[in-house]
Every structure is written in structure tokens, then in C-alpha cells.
Ligand code: FPP
């Protein structure tokens, strides 16, 4: 018989980051177009917000569209953008009801104007919410984020607003898109791939990694609990000793 997890006794990670991989394979297995996998993946992402909050997770960050994903077919990119477009509008009511604060990270300037507007609107309307901090990475690449941060930092130095001697890790972090978020405690990647794929490279320096073969559209609360249970078995030393 499978061991029952007593979630109440577990140490819950404050911030969980997820690479939602395997939508295409999930669809292929069912002889469906890849876009059907993304549609199911989006439903799962919304459900996982509720599940994460139920478990006591305060910050959830998902990788929805990378700076490299533009290389996919026009149809797939268009469909993903439409899913995100739909989410920014349809989730307004649910976020208000569930007290969810939404943030979007990534280079938003390259997104369609209407999507940028609905993102800004959702961020603004949810900014006082004190429940789950839900962050969606769109047109996000970790290296790109670092380069954009360096440019902002260099401009401050050039304008005499920042001394080179005052640049430390905290100062640098304040220029990243994630500056309002704690670093992730746990990073989950579904579908059996063992890579971090340019997702939050600065921020996950000390995160625990949990990899599962489950495809993202099949991921559910039980799988999230397994990841949290795994996290509890890790001994986080942050470079020190115990
Ligand atoms: C990776 O699977 C998944 C993506 C590139 C897209 C993830 C986006 C979503 C689930 C939509 C999120 C939307 C909302 C509303 C929050 P893949 O296509 O690379 O899968 P494969 O490796 O099996 O081909």
C-alpha cells in the first residue's frame, strides 16, 4: 500500500517555481494537436494555484513562454499568446475572489500591445491582494533578465545614482524582474527533462530541484505533494555545514 503523506507535518517551501514541460507529448499520445496540450496545461496551471495555496505555499512562479519559444510555429506561438491573453482577462474575477496577486516577469515590451495592457491591468487590480503570489514568466529568459538588469544598473552608475562600491548581491537582485519575490526554495520540472532551461538562473542558485516524469497536463495536487515531500528529505545547507 502506498504510504500516506501527512502534509500537516511537512515543512512547506515558501516559493515554488515550475517548468511546465510535456504538453506536446501529452497531446501526441492522444493524437491531438500540440495546442490541445497547452490548453490542458493552462487549466492545470490554474488548478495548481489553488492547490499550492491549500498546501501553504505563498509564492508560485511558472514558466509559460520563454525567449526561445518564439522559434515554434506561428500557430503554436499564436495559440499560447491567446491562452495568456484569455487568462489575463478571465482570471480577474477569480483572483479577486481568491485574493491572488499576479505578476508577470520577462521582457513584456516584445508582447502585443493589447496583451501588455491586460497584463498591466491584472497586475494593478491584484496588487493589494495578500493571498498567493502568482508569477507568470512570459517572454522570459534568465540571461536576458540579467542583461536587462545590468543595463538598468549601468544607467544608475552613469547617472551618479549608484556607486560601484555599493553593488553587492542585494543591490544587483533589486534590478531583476523578480526583485519583490524571495528566491525559490523548490524548482519542479515535469516530463523527465533534467535541465533548468534558462529559468531563473540567478534565483535558483540554492533551490532544491525536483524532477518528475509526469507530463505537465497530468500534474495535480498529489504530484505537488510528492514534490513537497521530496523537498522535506533534502538537507539545505546553503554552502555551510550543520
Ligand atoms: C512546454 O511543453 C510548455 C510550454 C512551452 C508552454 C507552457 C504554457 C502553458 C501551460 C500555458 C500557461 C497558461 C496560463 C494561463 C497560466 P512542450 O510544448 O515543450 O512539451 P513537449 O516537450 O512535450 O513538446
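Derivation of every value follows stated rules applied to the coordinates shown; laboratory data play no part. Only a predicted model underlies this, so the values are computations on that prediction, with no experimental measurement involved. For neighbour counting, all protein chains shown are included, and Cβ atoms are generated from backbone atoms with ideal geometry for every residue, glycine included.
Computed quantities for the displayed model
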| item | result |
| --- | --- |
| Mean-position separation - Cα centroids, region 30-59 and region 60-91, in angstrom | 13 |
| Pair residue 130, residue 74: separation of 7 Å Cα→Cβ label points (nm) | 4.9 |
| Relative contact order (%) - criterion: Cα under 8 Å, at least six apart; region: the chain | 28 |
| Zone of residue 158's modelled label, taken as backbone nitrogen in region 170-185 under 19 Å from a point 7 Å along Cα→Cβ | 172, 175-176 |
| 20 Å cut-off, amide nitrogen to a point 7 angstrom out along residue 54 Cα→Cβ, residues in region 199-229 | 214-229 |
| Most mobile listed residue (208, 145, 180) in the chain, GNM with C-alpha springs under 10 Å | 180 |
| The chain: most fluctuating residue of 211, 134, 172 per GNM, C-alpha cutoff 10 Å | 172 |
| Additional length obtainable on full extension of the chain from residue 8 to residue 46, 0.36 nm per residue less Cα span | 11.4 nm |
| Cα-based shape type of region 157-236, given that a ≥ b ≥ c are square roots of the gyration tensor eigenvalues and the cut on a/c is 1.5 | prolate |
| Linear extension gain, residue 170 paired with residue 213, 0.36 nm per residue minus alpha-carbon span | 11.9 nm |
| Estimated 222 nm signal from helices in the chain, with DSSP H stretches of n ≥ 4 weighted -39500 (n - 2.57), rounded to 500 | -14000 deg cm²/dmol |
| Region 94-242: C-alpha gyration tensor shape, a/c 1.5 cut-off, then a/b vs b/c | oblate |
| Exposure proxy ranking, count of Cβ atoms within 10 Å, fewest first, for 183, 206 | 206, 183 |
| Residue 194-residue 143 pseudo-label distance in nm [points 7 Å out on the Cα-to-Cβ vector] | 2.3 |
| Shape of region 1-146, Cα gyration tensor, a/c cut at 1.5 | oblate |
